[in-house]
Amino acid sequence: MISIGIDICNVKRFDRLKENRAFLKRVFAESELEICLKRKRISECLAVRFAAKEAFVKAIGTGIRDGIKLREIVIRKNEIEFFKKSIKIGAVFALLSSILVAGVGDFHAKEVSHTQPTKLAAMESLWETKKDAPMYLLLIPDPANERNSVEALGIPSMLSILAGQKEIKGLKEFPPTERPPVTPTFLSFRLMVGLGFVFILLSLWVLVKFKTLENRRILLRLLLWSIPLPYIAAQLGWIVAEVGRQPWIVYGLLKTADAVSKAVEPSQVLSSLIVFTLFYGALGIIDIYLLAKYARKGPEPKEV
């Protein structure tokens, strides 16, 4: 059975009612008030939601006297048109930029294979020198025994193709003291690349399902949970870059242990690290706060 309900509200009525906190709490949920009271046109926002609630009550053929409280009817979807326009721009940008980053990453992989062969070997946990080296999709390093405990789902010659050279040197070609930490380098690289593919797939999913996007609850939740992922991917990239070049600070010329400045006290290094951590941590907190604040507030209405 399908029913239809309709209701019309006088917006000016809510110019007075918006100051009545008891009325607002009786009629609107906290999440609704949080949205409307931050809008420029508060009365219009409240009136629209009130009309929708009244229409719903009429549609189901009951009323407040039958036990339904208006504040329990929450109008969740709003600003659909604005949302779809903005997310389409974001999805297109994310797709193009993710593909571009993958291309830049492929270029750097070839560069690393020639200039920092130990980093490339650690990134792929390659222990033995191989020609037409495969890439294993499932791999678990075992640095203690200089091998991999699991190697499965190999793609023939893929590592050699990506590196741009037929023969790839393994970690055993280099003294143990000149190898980077394998496990953190390998895991950081795999996670970073994996997140890159996640960004591409999510962007494509949004564009494919764009017409009914507002009804795709699973996709919308995934997009919300994915907000921190680009930041994580960037940090993983830095781990690969900095941990992967160890023990060198200038590859093949100067080791990190030999580059420690004798003019700088350990306390100075620690204090600067603490200051930078607190400063950028504060920026991160402000960023998250502003994202949440203006997402809840929503766009300013167009002037008519």
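Every number in this text was worked out from the coordinates using simple rules, so none of it is lab data. Note that the coordinates shown come from a computational prediction; the quantities given were computed from them, not determined experimentally. As a convention, Cβ positions derive from the backbone with ideal geometry for all residues, glycine included, and neighbour counts pool all protein chains shown.
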Compute the FRET efficiency between residue 19 and residue 86 as 1/(1 + (r/R0)^6), taking r as their Cβ-Cβ distance and R0 = 35 Å, and round to the nearest 0.05. 0.60
Just report the Cα centroid separation between segment 120-171 and segment 248-299, whole Å. 33
Over segment 80-260, what relative contact order in percent results from Cα pairs under 8 Å that are six or more residues apart? 26
Sort 211, 25 so the one with the fewest other Cβ atoms within 10 Å of its own Cβ comes first. 211, 25
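First select every other residue whose beta carbon is under 14 angstrom from the beta carbon of residue 249; then total the charges, Lys and Arg +1, Asp and Glu -1.
0
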Listed pairs 38/69; 12/211; 172/255 exceeding 29 Å between Cα atoms: 12/211
Are there DSSP H segments in the chain that both extend 20 Å or more along their axis (alpha-carbon positions) and score a mean Kyte-Doolittle hydropathy of at least 0.0? List them, or say none. 42-59, 80-115, 182-208, 229-244, 266-297
Towards the positive end of the charge dipole of segment 261-304, with charges on Cβ (+1 Lys, Arg; -1 Asp, Glu), say which of 279, 266, 292 has the farthest Cα. 292
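For segment 118-159, which GluC sites (Glu not before Pro) are both in a DSSP coil and crowded by at most 16 other Cβ atoms within 10 Å?
Answer by residue number: 128, 146.
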Assign one of three labels to segment 216-280, namely rounded, prolate or oblate, based on the Cα gyration tensor with a ≥ b ≥ c the square roots of its eigenvalues; rounded applies when a/c is under 1.5, prolate when it is not and a/b is larger than b/c, and oblate otherwise. oblate
Which of rounded, prolate, oblate describes segment 169-304, given a ≥ b ≥ c as roots of the alpha-carbon gyration tensor eigenvalues and a/c under 1.5 marking rounded, otherwise prolate only if a/b is larger than b/c? oblate
Under the 7 Å Cα-to-Cβ spin-label approximation, residue 155 and residue 204 lie apart by a distance in nanometres of 1.3
Using the Cα centre of segment 145-304 as the reference point, and only Cβ charges (+1 on K/R, -1 on D/E), how large is the resulting charge dipole? Debye, rounded to the nearest 20. 620
How high is the relative contact order of the chain? Use alpha-carbon pairs under 8 Å, at least six apart in sequence, and give a whole percent. 18
For segment 261-304, rounded, prolate or oblate, judged on the Cα gyration tensor with a ≥ b ≥ c (square roots of eigenvalues), a/c < 1.5 rounded, else prolate if a/b > b/c? prolate
Among residues other than residue 174 whose Cβ falls under 14 Å from its Cβ, what is the net charge (Lys/Arg +1, Asp/Glu -1)? +2
If you take the charge dipole of the chain about its Cα centre, with +1 on Lys and Arg Cβ and -1 on Asp and Glu Cβ, which of 91, 191, 120 is farthest toward its positive end? 91
Would you please state which residues of segment 119-154 a label at residue 173 would reach in this model, taking the label point 7 Å out along Cα→Cβ and a backbone N cut-off of under 14 Å? 119-134
Helix-only [θ]222 nm of the chain, DSSP H runs n ≥ 4, -39500 (n - 2.57) each, per residue, nearest 500: -18500 deg cm²/dmol
Taking the reciprocal of mean 1/r across every pair of different Cα atoms in the chain, the Kirkwood radius in Å is 24.5
Hits in segment 86-106: amide N under 20 Å from the 7 Å Cα→Cβ extension of residue 294, namely 86-94
Counting Lys and Arg as +1 and Asp and Glu as -1, what is the net charge of the other residues whose Cβ lies under 14 Å from the Cβ of residue 154? -3
Cα-centre dipole for the chain with unit charges at Cβ (Lys and Arg positive, Asp and Glu negative), debye to 20: 1800
Note down the relative contact order for segment 188-239 as a percent, whole number, built from C-alpha pairs under 8 angstrom at least six residues apart. 67
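What's the exposure ranking of 123, 192, going from fewest to most Cβ atoms within 10 Å? Kindly include the intermediate steps, with their values, before the conclusion.
Numbers: 123 24, 192 20.
Starting with the residue having the fewest Cβ neighbours, the order is 192, 123.
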Counting other beta carbons within 10 Å of each residue's own, what order do 261, 188 fall into, fewest first? 261, 188
Furthest towards positive pole of dipole, 182, 165, 212, structure part segment 80-260, Cβ charges: 212
